[in-house]
Amino acid sequence: MMKWDVQPIEDASQQVSGDPVYVVLARSEQEPKWLEIHVVAQPTGDENSDKIQALGKAAGAAQAFAREARERRSEFTSTPNS
């Protein structure tokens, strides 16, 4: 099971084209370290909706990251044919 935390970055200089940027922290219950993902949310006027949107984007990014990590792991664990 994954644990998630979503926090807006309050610094206006961190916004992208005026859209809010959120930091999404994710980790599995077995992993002590958090994966930090920064995502841009299209403002809806409702902070909870913006956080849900950011969480959805971060979940997609985390899945892509995990998929690539699995693929790359096989590059390092497979033995070359000799």
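The values are calculated or read from the model by the stated rules, or taken from the named source; none is laboratory data. Nothing here was measured: the structure is a model prediction, and the numbers come from that model. Cβ coordinates were reconstructed from backbone atoms using ideal geometry, including for glycine residues, and neighbour counts include every protein chain displayed.
Would it be correct to say that residue 11 is modelled with pLDDT under 80 and at negative phi?
Details: modelled with pLDDT under 80: yes; at negative phi: yes.
For residue 11, the condition - modelled with pLDDT under 80 and at negative phi - is met.
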> Of all residues in region 35-52 being under 13 Å from residue 4 (Cα atoms) and more than 10 Å from the chain's Cα centre (by Cα), which is surrounded by the most Cβ atoms within 10 Å (Cβ to Cβ)?
Replying inline: 51
> Quick check: anything in region 64-78 modelled with pLDDT under 80 and of a type in the set (Val, Ile, Thr)?
Replying inline: yes
> Name the residues in region 40-50 that are at pLDDT 85 or above and within 11 Å of residue 24 (Cβ to Cβ), would you?
Replying inline: none
